[in-house]
Structure formats: C-alpha cells, structure tokens
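Participant: Take a look at the following structure, please.
The values are calculated or read from the model by the stated rules, or taken from the named source; none is laboratory data. If you're wondering where the values come from, they're calculated on a predicted model, not measured in any experiment. Glycine also receives a Cβ, built like all others from the backbone with ideal geometry; neighbour counts cover every protein chain displayed. What goes into the accessible areas is simple: the full protein's heavy atoms, side chains included, and nothing from ligands, DNA or RNA. Shrake-Rupley method; radii C 1.70, N 1.55, O 1.52, S 1.80 Å.
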Amino acid sequence: MKTSIKLFSAILLSLATIPLTAQTQRDLDNYRQPDQRGVNDFEAVKDSTTSYDGVHVRIGGASTLQFQALDHENSGAEGTPVLQEIGDNFNLATANLDLDVVLYDGVRMHLRTYLSSQHHTETYVKGGYIQIDKLNFISQGFAEDLMNHVRVKIGHMENNYGDAHFRRTDNAMSLHNPFIGNYLMDSFTTEVGAEVYYFSNGWIGMLGLTNGKLNQAVTRPETTSPSFLAKFGYDDYISDDFRFRLTGSIYHTNQTGSAYLYSGDRAGSRYYNVFTDVDGAGDGFRAGRINPDLKNEMTSVMINPFFKVGGLEFFGIYENAKGKRSTETDSRTWNQYSGELIYRFGETEDFYLGTRYNVVDGTLVSGENVSVNRFQLGAGWFMTKNILMKAEYVNQKYNDYPVTDIHNDGKFNGFMVEAAIAF
C-alpha cells in the first residue's frame, strides 16, 4: 500500500511540472476520443493531416462507481458449493490514468495505468504502445504515399482481435460501453507485439504478431511461442445517415505456457462477488465471465457486423474458439453469439435505450457440454460529453453444469446503476 501511495504521489508531482499550455489542445491526430465523441469508433481514424507543433502531452483518465443490487443462486444440491450471501451496496470505485504523448509528426505514445481496480489494490500499468502514422522522423515526406494508408503499432498492448474489445469496459473506462457488464467470453489480452494496418476507401486490414505472454519473463523459454492475429473488414457510410461495418478476425496460438485471450483482464468484472462460495472460492474477480480454458493450443475466429441508421444501431458477435490443454488429446470447441440493439435519441444523441442477448456454449475440461445465456436491458444519459449515467437489468443463467460445479443450475439477476467519467 505504501508503494502505491508513493507511486501515485510521484505521478501527481510529475504531472504538476508539465506546463498548463500542454493541455490547451486536447484533440490529437489519429486518436479515438475518450468522451462521447468516441462512441461507436473502433480503430482510431487514419488521417494524413497534421497539427504537430512539437512534443505535446495529453493527460486524461476515467473514473466509475456502481451501485449493485444482484441476487445469485445455484441448485443447492448435495455436493454443490454453497454460495455466499450478497446484498445491495456500492462497489469499489475504479480509476484510470492515461498519458498520450505526441512525440513527433505522426508518432504518438499511449500509456494506461489502473489507479484502482477490483482485482489489484495497488496501482499498476495496464500497458502502452507507440503508434506510427508517418515516417517523417526518417526524413520529411519519407514514403508519404504509402504511409497515407499504413499504420504501425508496437508495444505491450491491448491486442486488436475482434471488434468487441472496442465496446467493452476497460476497468474505469466505460463511456463507450452502452451496458455495464462486458461480454460472456471477454476476448481481451495485453501481449508484447506489433500490428501493421492498411486503410483504403473504407477497407481495413491488419496483421499482428505477439510473443503470446501476458506476464513477461525470460524464464521458461520453452513455454514461449508466437501468437498470430489478423483482421480484415469494411467500415464506411453507405449514405449520409447509414454507416455499415463488417469485420472478421483470427487469433492463433500454439503450445504456449497459457493462452490468456479469455482471461487476460486483470482489472475484474462489473458483477462483484457473484458465484463466490462461503469459503471465498469460485469465479472471483472475473465473476459472470466464461473462460473456455483452452490454455495451450487455440484458434479463435470472430465476425462482427455493425450498422447505424439514424439513431438505431446494431452490433453483433459470432465467435468460435477451438483448442485444448497440453494434457488433453482432443480439441474442444466453444461458440459465442451476441446481438445488441441500441436506439440513441435527443438533439445530440445524449440518451439511449438498448438490449443485448449473449449466449455461449462449449465443452468443459471434464467433458460436459454446457451453455450460458445472458439478457441485458440498459439505458443511458450523457449529462455532458464526459459524464455518463447508465442503468442495467441483467439476468444470467448457467445450463447443464455438473452437480459438483458452483454453477450447477445457477443464475444471477438484478439491477445496477453506474456513473462514468472520462476525459
């Protein structure tokens, strides 16, 4: 705890030394806005124009607080773990600190630090990257025609598999998520690697390579194997009031120490303490999520349609993950399906209503075929472009889990309210 306080104090002291003029210009080139303007953005826009006039530091962050009123239950059968009692109250507030630094014309650095999260009590760095949209640091106008379409990202960073991670809550950063909870199979991981993008007339292509590790170390080199990811799709306006996007993504890893694509979030879910037993065991900080547990060989494919017509928008997920543990001889398969329909209204779409239905099914390590379904009903109000109030009703059910599993005939449901700030 003392280390966290010292680190946070050092951060505040260093920020205090930055001239105030560094914050007069908040908008950056090739950048997804963290406020309401970034809603329904995916990859940061690729723009060849520039506003570079020297090194520029943008200090940002996010904070959220929820009131939770959820109930959970399972079969209560003999051999099924007994759930702990939970009540209605506020959750731990979460907070992020973001540093975005324009280092040169077309070169930007991003760094996100979790100041407070459900899982870790200490302050720690989520990850960061350097984004290169121009090569003017080599010479003015170097490969300009090529770089008008190309982007390179390098770092220990959130990997761009699928489109769902652009709509999820990242610890305190929840302004772009129309609901409070994330998806059942929460495809999110941070690994060291590089991604190369190509943008042209609405078409998007990306190839990436990582070292396959969440926790970086030079020990146990036999557990290291490169992971490959790619994305291809189209995103453009069909007419002035009709935007259409369709992408397909793949992530492949082979014989690594552990594949973290569905367990890479260290911050924690929004459904605190559901499916935790009286001894404190159970789902823990990832409560409500489903990890297929395909630890050593895995290939995942995600297809994401999105459209927005006026105030009406749809976002969907079809996902297939196939793989196994090193101790298994046969591969197992998990599927995810999700559809969400949102209607935004008001002069600047400051209000919205929405619903999401999310289903996963697959085979456990023990051999049982199970499924989980979640229904969410949500509403939100952007009080300002930086402040969002949202409410959600959630109902989640677990089907066909064995009697010795905490999820046997399990379900949780109830209401949540969240206040979210991002700047």
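Participant: Take Thr219 and Val365, extend 7 Å from each Cα along the Cα→Cβ direction, and tell me the distance between the two endpoints in nm.
Facilitator: Result: 2.1 nm between the two label points.
Participant: Can you sort Trp334, Trp381 by 1.4 Å-probe accessible area, starting with the largest?
Facilitator: Trp381, Trp334
Participant: Quick check: residue separation of Asn254 and Trp381 times 0.36 nm, minus the Cα distance between them. What number comes out in nm?
Facilitator: Full-extension gain reported as 41.3 nm.
Participant: Quick one: putting +1 on the C-beta of Lys and Arg, -1 on the C-beta of Asp and Glu, what dipole do you get for segment 46-143 around its Cα centre, in Debye to the nearest 20?
Facilitator: The calculated dipole for segment 46-143 is roughly 640 debye.
Participant: May I ask which residue of Gly128, Val152, Phe166 lies farthest towards the positive end of the charge dipole of segment 121-263, with charges of +1 (Lys, Arg) and -1 (Asp, Glu) on Cβ and the Cα centre as origin?
Facilitator: Value: Gly128.
Participant: Out of the total accessible area of the chain (probe 1.4 Å, heavy atoms of protein only), what percent is carbon and sulfur?
Facilitator: 59 percent
Participant: Work through the residues other than Gln66 whose Cβ is under 14 Å from its Cβ and net out their charges, Lys, Arg +1 and Asp, Glu -1.
Facilitator: So the environment of Gln66 carries a net charge of -1.
Participant: Where Lys and Arg each count +1 and Asp and Glu each count -1, what net charge lies around Gly141 among other residues with Cβ under 11 Å from its Cβ?
Facilitator: -2
Participant: What does the charge dipole of the chain about its Cα centre add up to, to the nearest 20 debye, if the Cβ of each Lys and Arg holds +1 and the Cβ of each Asp and Glu holds -1?
Facilitator: Charge dipole of the chain: 760 debye, to the nearest 20.
Participant: Given a Förster radius of 51 Å and the C-beta distance between Ser48 and Phe228 as r, what FRET efficiency does 1/(1 + (r/R0)^6) yield to the nearest 0.05?
Facilitator: For Ser48 and Phe228, the calculated efficiency is 0.95.
Participant: Length gain on complete extension for the stretch Leu92 to Arg26, per 0.36 nm per residue less the alpha carbon to alpha carbon distance?
Facilitator: Contour length minus Cα-Cα distance gives 20.8 nm.
Participant: Same structure again: Could you give the angle, 0 to 90 degrees to the nearest 10, between helix 2-16's Cα long axis and the longest principal axis of the Cα atoms of the chain?
Facilitator: On a 0 to 90 degree scale, this one is about 30.
Participant: Could you tell me which residue out of Tyr398, Leu341, Ala321 lies farthest along the dipole of the chain toward its positive end? Charges go on the beta carbon: Lys and Arg +1, Asp and Glu -1, centred on the Cα centre.
Facilitator: Toward the positive end, the furthest listed residue is Ala321.
Participant: Packing-wise, with mean Cβ within 10 Å as the measure, how do 335-341, 222-228 rank, highest first?
Facilitator: Per-residue mean Cβ counts within 10 Å order the peptides as 335-341, 222-228.
Participant: Have a look at Thr210, Val39, Leu261 and report the one farthest towards the positive end of the charge dipole of the chain, computed about the Cα centre with Cβ charges (Lys/Arg +1, Asp/Glu -1).
Facilitator: Going by the charge dipole, the pick is Thr210.
Participant: Take the Cα of Phe314, step 7 Å along the line toward its Cβ, and report every residue of segment 338-372 whose backbone nitrogen sits under 20 Å from that point.
Facilitator: Counting backbone N atoms under 20 Å from the label point, the list is 338-345, 352-360.
Participant: Could you tell me how far the Cα centroid of segment 356-423 sits from the Cα centroid of segment 64-113, in Å?
Facilitator: 13 Å
Participant: Provide Rg over Rh for the chain; use the alpha carbon set for both Rg and the Kirkwood Rh (inverse mean inverse pair distance).
Facilitator: Reported Rg/Rh (Cα atoms, Kirkwood Rh): 0.96.
Participant: Can you return the aspartates and glutamates within cross-link range of Lys126? Criterion is Cα-Cα under 16 Å, with same-chain partners fewer than 8 residues away left out.
Facilitator: Candidates past the 8-residue exclusion: Asp98, Asp100, Glu158, Asp170, Glu191, Asp265.
Participant: Also, I was wondering about something else. Suppose a student asked you for the relative contact order of segment 289-351, using Cα pairs under 8 Å spaced at least 6 residues apart; what percent would you report?
Facilitator: 32 percent
Participant: What's the magnitude of the charge dipole for segment 344-417 around its Cα centre, counting Lys and Arg as +1 and Asp and Glu as -1 at the beta-carbon? Answer in Debye, nearest 20.
Facilitator: 240 debye
Participant: Related question: Give the accessible surface of segment 370-423 per residue, rounded to a whole number of Å², with probe radius 1.4 Å and ligands, DNA and RNA excluded.
Facilitator: Per-residue value: 40 Å².
Participant: Roughly how many Å² of Ile290 are accessible to a 1.4 Å probe, to the nearest 10?
Facilitator: 10 Å²
Participant: May I ask you to rank Leu83, Leu111, Leu70 by accessible area, largest first, using a 1.4 Å probe over the protein chains only?
Facilitator: Leu111, Leu83, Leu70
Participant: Arrange the residues Val152, Val45, Val370, Val365 by how much accessible surface each exposes, largest first, with a 1.4 angstrom probe.
Facilitator: Descending accessible area places them as Val45, Val365, Val152, Val370.
Participant: How about segment 142-213: which chymotrypsin sites (Phe, Trp or Tyr not before Pro) there are in a DSSP loop, with at most 15 other Cβ atoms within 10 Å of their Cβ?
Facilitator: Phe142
Participant: Continuing with this model, one more query. In the neighborhood of Leu341, defined by Cβ-to-Cβ distances under 10 Å, what is the net charge if each Lys or Arg adds +1 and each Asp or Glu adds -1?
Facilitator: Once positives and negatives cancel, what remains is -1.
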